[in-house]
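No lab work stands behind these numbers, since they all come straight from the coordinates. Small disclaimer: the values here were computed from a predicted structure and weren't measured. Because the Cβ atoms are built from the backbone with ideal geometry, glycine has one as well, and the counts that use them run over all protein chains shown.
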Amino acid sequence: MEIARSIAELRSTLAGWRQEGAKIALVPTMGALHEGHLALVGRAKAECGRTVVSIFVNPKQFAPSEDFASYPRGEAEDLEKLQKKGADLAFLPPLAEVYPDGFATSVRVTGLSEPLCGAHRPGHFDGVATVVAKLFTQSSPDRAYFGEKDYQQLLIVRRLARDLDLGVEVVGVPTVREEDGLALSSRNAYLSPAERQAAPELYRVLSRIAGALRADPRAVGREIASGIDDLSGAGFAVEYLEVRDAESLAPMTSEVTAPARVFVAARLGRTRLIDNVPMTPK
Ligand code: PAF
């Protein structure tokens, strides 16, 4: 596996691969790699000739009160996992390579960035859109792979690529879960043993709501209210629990009328967890 730390090195390796006719995949990550990330790499490798994985903890998507400083980092372990999985290149740019002095540009995808996590983490998706736009222009991949666990992020990145004519196909990959249903996330490492035991309730509640709405698409109000009660009873502080259109993120507050997702964000102690499941009316 090759390692690039500058945009020039990245571009020079990719130019060679493109000359050989290889289709290039990009898997953007912030490191602390787990099986969810490795599933993205596996899918990328199955569909493209060369797979690039970027590792960059992006300060622009963290608010000053958030966990940028303590976000889990482990370059050596990450590189070992990528090597084993068969990635072709790891791109690990230092901060000044991504945001040199005087950097002054911000990318905003309006509409999709506003509800759900956008309402609770002001500026977060501008930071994501800015760094992803840069990674896309630095590497010009044919395809880029993102997890459905961050479903709102996936929609925002897809819109960004389309609106800016970046020529990259954005592929969503289903969430990888622990056996008890907890979605894999680098932030699960923050959970205490007691919180870890309570955490799968998030997916249980989402699954129950999706099942109930399949049986009765008009029961949104009732199901959301009882979901919030259940999560609060299990020790979560719920930020949002909502049903929204799977493409536009338009809210569905009374009836599910089109393919939708049930979205949740909730805190267990100091750990903020998010998850979502699909729900298609019969
Ligand atoms: O999902 C993530 O890990 C990050 O938001 C991303 C897409 C790598 C941008 O920093």
Residues of segment 165-209 that turn out to be of a type in the set (A, V, I, L, M), farther than 15 Å from Glu148 by Cα and buried (at least 19 other Cβ atoms within 10 Å of the Cβ), as a count | 6
Just name the residue that is farthest from the chain's Cα centre (by Cα) out of those in segment 1-39 that are in a helix (DSSP H, G or I) and β-branched (Val, Ile, Thr).
-> Thr13
Filtered residue count, segment 214-246, keeping only those that are exposed (fewer than 13 other Cβ atoms within 10 Å of the Cβ) and either within 22 Å of Glu195 (Cα to Cα) or touching a residue at least 40 places away in the same chain (Cβ under 8 Å) (or both) = 4
Is it true that some residue in segment 1-22 is more than 16 Å from the ligand (Cβ to nearest atom), among the hydrophobic types (A, V, I, L, M, F, W, C), more than 25 Å from Gly172 (Cα to Cα) and buried (at least 18 other Cβ atoms within 10 Å of the Cβ)?
-> yes
Checked segment 54-76 for anything farther than 21 Å from Ala129 by Cα and part of a loop (DSSP other than H, G, I, E, B); matches are Ser70, Pro72, Arg73, Gly74
Go through the residues of segment 46-53 one by one and say whether even a single one is hydroxyl-bearing (Ser, Thr, Tyr), within 23 Å of Asp126 (Cα to Cα) and in a strand (DSSP E or B).
-> no
From the residues in segment 23-58 that are farther than 16 Å from Gln83 by Cβ and without any contact (Cβ under 8 Å) to a residue 60 or more places away in the chain, which one is nearest to the ligand (Cβ to nearest atom)?
-> Val57
Could you tell me which numbered condition Val171 fails, if it satisfies all but one of (1) in contact with a Pro (Cβ under 9 Å, 6 or more places away or on another chain); (2) in contact (Cβ under 8 Å) with a residue 60 or more places away in the chain; (3) under 22 Å from Glu47 (Cβ atoms)?
-> (1)
What number of residues within segment 65-76 satisfy the criterion of being farther than 20 Å from Pro94 by Cα and away from the ligand (no atom under 15 Å from the Cβ)?
-> 1
Test each condition in (1) surrounded by fewer than 19 Cβ atoms within 10 Å (Cβ to Cβ); (2) free of Cβ contacts under 8 Å to residues at least 60 places away in the same chain; (3) in contact with a strand residue (DSSP E or B) (Cβ under 6 Å, 6 or more places away or on another chain) for Val157 and report the one that comes out false.
-> (1)
Among the residues of segment 37-78, which ones are surrounded by fewer than 19 Cβ atoms within 10 Å (Cβ to Cβ) and touching an Asp or Glu at 6+ places or on another chain (Cβ under 6 Å)?
-> none
One residue from Leu116, Leu164, Leu95, Leu154 being aliphatic (A, V, I, L, M) and within 15 Å of Leu40 (Cα to Cα) | Leu154
